[in-house]
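Here the structure comes first, spelled out in structure tokens, and everything after it is commentary.
Where a number appears in this text, it was derived from the coordinates with a stated rule and is not lab data. Computed from a predicted structure; not experimentally measured. Don't worry about glycine lacking a Cβ; one is built from the backbone with ideal geometry, like all the others, and counts go over all protein chains shown.
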Amino acid sequence: MAHPQDTRDLVRRLYIEGLPLNGAAVAGGVSYDTARDWKARAKSKGDDWDTARAAYRISGQGIDDLNQQLVEDFARQVITTTRELEAATIPAADKATMLAQLADAYAKFSKAFARVNPAYSGLAVALDTLRTIADHLRVADPAALRALQPHLEDVGAVLGARYG
């Protein structure tokens, strides 16, 4: 079935504005495969949706906002992939392999991103330290954890202001 040009334009616009391709396809009421085909055909004709997406991000945001968007996009893709793997009817060993590869990709992305954005690295270390303290108190001194808990939101705000 042929889709109207308005539908193609909507999928392209949503993708360029930041939705993952599968999300843009769902919003446009078409299959992921159809959206992927449209994207590939457009690229072969000189309309690279990925280049347009990068230009859109840079034009509307500063570099810090762009960096934050990249992290959010990657995290959203990890979550989407994880959900798709949960629903997939493939052998458990294959799921385990794919999850391990996804975890490896996430670790590599985080490490590479931390090199180009020290604030992200600092925030990651600070949040990990806070998590380590909470885990320790949960086992060693639950009363201390209960005393700390009302302050965690404020501490998170301070960490976000300092590193975010």
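Scaled against the 2.2 N^0.38 Å expected of a compact globular protein of N residues, the Cα radius of gyration of the stretch 62-116 reads 1.34.
Average projection, convex hull of the Cα set of the stretch 1-60: 3.9 square nanometres. Note on residue 76 and residue 37: their simple-model spin labels are 2.5 nm apart, each label 7 Å out from Cα toward Cβ. Length available on full extension from residue 132 to residue 105: 0.36 nm per residue minus the Cα-Cα distance, which gives 7.4 nm. For residue 18, the amide hydrogen comes within under 5 Å of no other amide hydrogen, counting only partners 5 or more places away or on other chains and with H modelled in the peptide plane.
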